[in-house]
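Comments concern the structure below.
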Amino acid sequence: MDNMRQKSILMISNFLPQPAYNKNIWHALAERLAEAGWDVITTSDKINRFTRLFNMVSTIHRERKRYNLAQIDVFSGKAFIFAEISAYLLQRLKKPIVLTLHGGRLPKFASEHPRRVRRLLQAGTAVMTPSHFLQDELREFHPNIKVIPNPIELAHAVFRPRHTVKPNLIWIRAFHSVYNPSMAVKVLHTLITDFPKAHLTMVGPDKGDGSRKQMLSLVRQYHLEDAIEVLPGVSHDAIPQQLNQADIFINTSNYDTFPRSIIEAMANGLCIVSTHVGGIPYLISNHQEGLLVPPDKPDEMASAIREILQNTTLASYLSQNARKKAEAYDWSAILPQWENLFTQIIEAHDGQA
């Protein structure tokens with residue numbers, strides 16, 4: 001088999017266009033593999049769900065002689081059917097499949113649809129996830145889920161140890177109920193009584209479920225227009241400089257797995273305050289790399305932020321520990337893991353052919 005054929009892959013996920021949509025890890029992985037010499041086919045960049053599914057199906061069939069391995073990103077909810085249909089077609093074509101599990105809601109979805117989840121995971125030649133949380137929670141559906149963490153480009157980080165900390169907060173996620181953006185406004189509202197110069201920057205695209213509108217309504221209700229800056233999704237290259245303007249990164253998610261935005265904030269040396277949900281405790285040990293609080297408890301998050309602002313020793317400790325932890329997630333350490341996995345599967349499949 002020639003080298004190009006040996007290193008060909010079809011990647012099936014939501015490759016939605018930027019900057020309207022966040023550039024996610026699967027976008028970056030596709031780019032990195034292509035740079036490393038892989039023949040990479042991606043599907044789909046279609047915004048409409050039905051058009052996207054049709055594009056995935058047609059690409060699987062149309063390009064079947066070009067790729068010899070397929071990788072599918074698996075999400076819960078309505079998106080799960082994309083993975084089911086894609087895996088079924090790939091099995092009919094006798095293509096090896098790598099399934100990559102995402103999203104803090106997947107364990108709940110699996111408990112509600114155990115047969116569907118078990119059937120899909122059994123179709124995978126390998127089942128991967130960036131999250132030890134998902135590995136543990138879904139073990140009963142597949143005993144050999146393996147972890148490859150979400151990577152960052154460490155060289156792009158603007159590391160600044162937070163020896164002194166100002167009440168400059170930043171929140172970077174999509175505006176969707178799962179990330180609870182209104183909690184960030186409530187946190188600032190509570191905090192600003194003691195720190196009148198507190199400021200919050202919120203960065204992210206609008207997912208259209210009303211969360212952004214609800215958040216802006218709270219801003220007006222609390223008269224925080226001068227204390228909050230709301231930005232749409234910015235290019236991923238601009239994130240490190242955006243983070244550098246703040247000292248404290250807040251994550252208000254109700255569900256989460258292994259968010260790259262937190263790792264990037266850690267790489268920049270920000271002090272992290274996050275909800276204690278999903279895979280976050282696998283990434284952050286409380287009072288080591290950050291402070292953890294219960295979900296949807298803005299008063300407790302505000303108290304944690306006060307603790308950092310009033311204790312420079314703690315702030316410096318969290319900042320430097322966070323940076324040290326983030327250094328393990330550089331692309332230079334993560335990409336070879338993906339390449340080795342894909343190459344081993346292709347070689348094993350060729351040996352059986």
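The values are calculated or read from the model by the stated rules, or taken from the named source; none is laboratory data. Remember, it's a predicted structure, so these values are computed and weren't measured experimentally. Every residue, glycine among them, receives a Cβ derived from its backbone with ideal geometry; neighbour counts consider all protein chains shown. We work out accessible area using only protein heavy atoms, side chains counted, and drop any ligands, DNA or RNA first. Shrake-Rupley method; radii C 1.70, N 1.55, O 1.52, S 1.80 Å.
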Selection count, region 64-87, where residues are open to solvent by 40 Å² or more (accessible area, probe 1.4 Å) and over 21 Å from P107 (Cα atoms):
3
For region 103-129, what are the residues that are within 23 Å of G279 (Cα to Cα), assigned to a loop (DSSP other than H, G, I, E, B) and modelled with pLDDT of 95 or more?
H113, G124
Quick check on my filter: what residues within region 57-79 are under 19 Å from the mean Cα position of the chain (by Cα) and among the aromatic types (F, W, Y)?
F75
Does region 245-262 include one or more residues that are farther than 22 Å from N24 by Cβ and touching a Pro at 6+ places or on another chain (Cβ under 9 Å)?
yes
Which numbered condition trips up E229, out of (1) surrounded by 15 or more Cβ atoms within 10 Å (Cβ to Cβ); (2) in contact with a His (Cβ under 9 Å, 6 or more places away or on another chain)?
(1)
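Pick from region 306-329 the residues that are more than 18 Å from I284 (Cβ to Cβ) and touching a residue at least 60 places away in the same chain (Cβ under 8 Å): which of them is surrounded by the fewest Cβ atoms within 10 Å (Cβ to Cβ)? Walk me through how you get there before you give the answer.
First, the residues of region 306-329 that are more than 18 Å from I284 (Cβ to Cβ): 306, 309-310, 312-313.
So of that shortlist, the ones also touching a residue at least 60 places away in the same chain (Cβ under 8 Å) come out as 306, 309, 312.
Values: R306: 15, L309: 21, T312: 13.
The selected residue is T312.
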Subset of region 123-145 [touching a residue at least 60 places away in the same chain (Cβ under 8 Å) and either closer than 29 Å to P232 by Cα or open to solvent by 20 Å² or more (accessible area, probe 1.4 Å) (or both)]:
T125, T129, P130, S131, H132, F133
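Quick one: count up the residues across region 86-118 that are of a type outside the set (S, T, Y) and over 11 Å from S76 (Cβ atoms). Spell out how you get there, then give the answer.
Initial filter on region 86-118 (of a type outside the set (S, T, Y)): 87, 89-99, 101-110, 112-118.
Now drop any that are not over 11 Å from S76 (Cβ atoms), which leaves 87, 89-99, 114-115, 118.
Qualifying residue count for the region: 15.
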Checking the conditions here, which among N286, N244 is surrounded by fewer than 21 Cβ atoms within 10 Å (Cβ to Cβ) and touching a strand residue (DSSP E or B) at 6+ places or on another chain (Cβ under 6 Å)?
N286
Give me the pairs, please: first residue somewhere in region 163-192 and under 18 Å from R260 (Cα atoms) and open to solvent by 10 Å² or more (accessible area, probe 1.4 Å), second residue anywhere and of a type in the set (F, W, Y) and modelled with pLDDT under 95, beta-carbon distance under 6 Å, and either six or more positions apart or on two chains.
V178/Y255
I'm trying to understand the selection: among the residues of region 74-102, which are part of a helix (DSSP H, G or I) and free of Cβ contacts under 8 Å to residues at least 60 places away in the same chain?
G77, K78, F80, I81, E84, I85, A87, Y88, L89, L90, Q91, R92
Inside region 35-73, the number of residues satisfying the requirement of being touching a Phe, Trp or Tyr at 6+ places or on another chain (Cβ under 7 Å), closer than 20 Å to I97 by Cα and not hydroxyl-bearing (S, T, Y) is 5
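Got a number for residues in region 88-102 being hydroxyl-bearing (S, T, Y) and open to solvent by 10 Å² or more (accessible area, probe 1.4 Å)?
Step one: list which residues in region 88-102 are hydroxyl-bearing (S, T, Y), which gives 88, 100.
The next check asks that each one be open to solvent by 10 Å² or more (accessible area, probe 1.4 Å); those that pass are 88.
Number of matching residues: 1.
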Given the criteria over 20 Å from P281 (Cβ atoms), in contact with a strand residue (DSSP E or B) (Cβ under 9 Å, 6 or more places away or on another chain) and of a type in the set (G, A, S), does G124 qualify?
yes
Only one of these conditions is not met by S253: (1) polar (S, T, N, Q); (2) under 17 Å from L188 (Cα atoms); (3) not in a loop (DSSP other than H, G, I, E, B). Which number is it?
(3)
Is at least one residue of region 45-56 surrounded by 17 or more Cβ atoms within 10 Å (Cβ to Cβ), under 25 Å from the mean Cα position of the chain (by Cα) and under 20 Å from T343 (Cβ atoms)?
no
Of all residues in region 204-218 being touching a helix residue (DSSP H, G or I) at 6+ places or on another chain (Cβ under 6 Å) and open to solvent by less than 60 Å² (accessible area, probe 1.4 Å), the one that is farthest from N251 (Cα to Cα):
L218
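Would you check if F159 is closer than 24 Å to F258 by Cβ and open to solvent by 60 Å² or more (accessible area, probe 1.4 Å)? Show your work before the answer.
Values: closer than 24 Å to F258 by Cβ: yes; open to solvent by 60 Å² or more (accessible area, probe 1.4 Å): yes.
The answer is yes for F159.
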Looking at (1) part of a loop (DSSP other than H, G, I, E, B); (2) in contact with a Lys or Arg (Cβ under 9 Å, 6 or more places away or on another chain); (3) within 19 Å of V178 (Cα to Cα), can you tell me which one F258 breaks?
(2)
